[in-house]
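The values are calculated or read from the model by the stated rules, or taken from the named source; none is laboratory data. All values derive from a computational prediction rather than experimental measurement. When we count neighbours, we look across all protein chains shown, and the Cβ atoms used for this are built from the backbone with ideal geometry, even at glycine.
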Amino acid sequence: MKLIVGLGNIGSKYDNTRHNIGFDFLDYLAKKENLNFREEKKFKAFIAKKDDIIYIKPTTYMNLSGDSVLKLMSFFKIKREDILVAHDDVSINYPETRFSFNRGAGGQHGIEDIIKKSGGKSFGRIRIGVGPDPGGDKRANYVLSKFNNDEQNKKELIYKDSEFILDQWLKLPIEKIQNPKNKKQANAKLKKMNYKLKKGLTLWFTGLSGAGKSTVANALIGKLSKNNKKFPLELLDGDEIRENLNQGLGFSKEDRFTNIKRISFLAGKISKHNVLVVVPVIAPYQEARDMARSMSEDFIEVFVNASIEKVEERDVKGLYAKARSGEIQNFTGISDPYEAPSNPDIELNTDKESISKSVDKVLNKLLEKGYVEKI
């Protein structure tokens, strides 16, 4: 779980002030990513959630921002290293933006409070320049002043540069993150990013026919192997397995169990040799998937969730229509049940999210669990 924090002060009198540029950046993301912020008083913040990311705008006022951050950290078990804070920085001239990690507050009171209450400074920061710093007694009034028209017209640049830092922070090791002035170099690193498998496992995609299991699985394989041709991968496609290993098996419950048992045994044997085994198979019964889990030392279940209406809409072969007419028997979701996982390791909502978003969710889980690392 990642936590993105935008700092500012609540109240209309603070709108468009320099001190609220962190809030403004999150509002920009909300509009672009279709985020829905709502106030959650127990966390003292306005909160939006998307995938494995929580976005917050604390309602505590700037100087007590740590209260909200600490509550979110404790409730969701978020590590300090998985926090990124966007805030104004008077020491940097407008409209420059910089990234920093594990450094002092530099007089920014919201950051001071987060460091104090989170127990350390090992979190990322998007430092949005609002200077030049007038210094002395003028500073407090200056950061609470509003942007003039010329400065307002440059806000889009601030947002783009801040988003550029955020994108790197989500994808790259801390030490490889570049500031916006080095965009060409940073983009090259993002494009050339390699991955290394640290431990073999079975990655099992389950879902209705047409939910997108094979589509997401193949896109993930493409991303992992794009810059690393020797990445140890094995795809056990359900249709290929039935054609070459399980010929003669039908679609009765007993035959389905036999099919899954054989695939599970094979996946478990291969994954022991430090291979990522990707298995996009319907596997409609929870009992069979539990059996599959038991046959691999390491196993991640991915529920590829899509509504019956959506998968029928995608069905160019007309299989669902044939199943509804009785032409095809024992068809999952129509004449046979599909037992959706009650607690999958990962859930993808493929009728609501893009293929790339689904792939990123799976990859982030593999990174989080330590099966894969960036190199």
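Summary of values
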quantity: Residue match in the stretch 163-179 (condition: in contact (Cβ under 8 Å) with a residue 40 or more places away in the chain, surrounded by 13 or more Cβ atoms within 10 Å (Cβ to Cβ), over 23 Å from E81 (Cα atoms) and not hydroxyl-bearing (S, T, Y)); calculated: no
quantity: Looking only at the stretch 87-102, and only at residues there that are within 7 Å of G129 (Cβ to Cβ) and not hydroxyl-bearing (S, T, Y), the one that is farthest from the chain's Cα centre (by Cα); calculated: N93
quantity: Single match in D298, D237 (criterion: within 20 Å of K365 (Cα to Cα), acidic (D, E) and touching a residue at least 40 places away in the same chain (Cβ under 8 Å)); calculated: D298
quantity: Lone unmet requirement of (1) under 30 Å from F251 (Cβ atoms); (2) over 21 Å from the mean Cα position of the chain (by Cα) for L203; calculated: (2)
quantity: Residue in the stretch 2-15 that is in contact (Cβ under 8 Å) with a residue 12 or more places away in the chain, part of a loop (DSSP other than H, G, I, E, B) and in contact with a Lys or Arg (Cβ under 6 Å, 6 or more places away or on another chain) present; calculated: no
quantity: Enumeration of residues in the stretch 327-357 that are small (G, A, S) and either touching a Gly at 6+ places or on another chain (Cβ under 7 Å) or surrounded by fewer than 15 Cβ atoms within 10 Å (Cβ to Cβ) (or both); calculated: S335, A340, S342, S354, S356
quantity: Residue in the stretch 158-166 that is more than 19 Å from G8 (Cβ to Cβ), in a helix (DSSP H, G or I) and at pLDDT 90 or above present; calculated: yes
quantity: Where R127 falls short, out of the listed (1) surrounded by fewer than 18 Cβ atoms within 10 Å (Cβ to Cβ); (2) free of Cβ contacts under 8 Å to residues at least 60 places away in the same chain; calculated: (1)
quantity: Given (1) at pLDDT 95 or above; (2) exposed (fewer than 14 other Cβ atoms within 10 Å of the Cβ); (3) over 27 Å from the mean Cα position of the chain (by Cα), number of the condition S264 does not satisfy; calculated: (2)
quantity: Pick from the stretch 191-235, criterion among the charged types (D, E, K, R), modelled with pLDDT under 90 and in a loop (DSSP other than H, G, I, E, B), ranking: surrounded by the most Cβ atoms within 10 Å (Cβ to Cβ); calculated: K226
quantity: Residue among L70, L35, L64 that alone is assigned to a loop (DSSP other than H, G, I, E, B) and outside the structural domain of K357 (by TED's automatic domain parsing); calculated: L35
quantity: Odd one out for H87, checked against (1) assigned to a helix (DSSP H, G or I); (2) out of contact with any Phe, Trp or Tyr (no Cβ under 8 Å at 6 or more places or on another chain); (3) crowded, with 21+ Cβ neighbours inside 10 Å; calculated: (1)
quantity: Qualifying residue in the stretch 297-319 (condition: modelled with pLDDT of 95 or more and surrounded by fewer than 19 Cβ atoms within 10 Å (Cβ to Cβ)); calculated: yes
quantity: Residue pairs meeting the criteria (Cβ under 7 Å; at least 6 apart or on separate chains; first under 17 Å from S214 (Cα atoms), in the stretch 302-326; second among the basic types (K, R) and part of a helix (DSSP H, G or I)); calculated: V304/K213
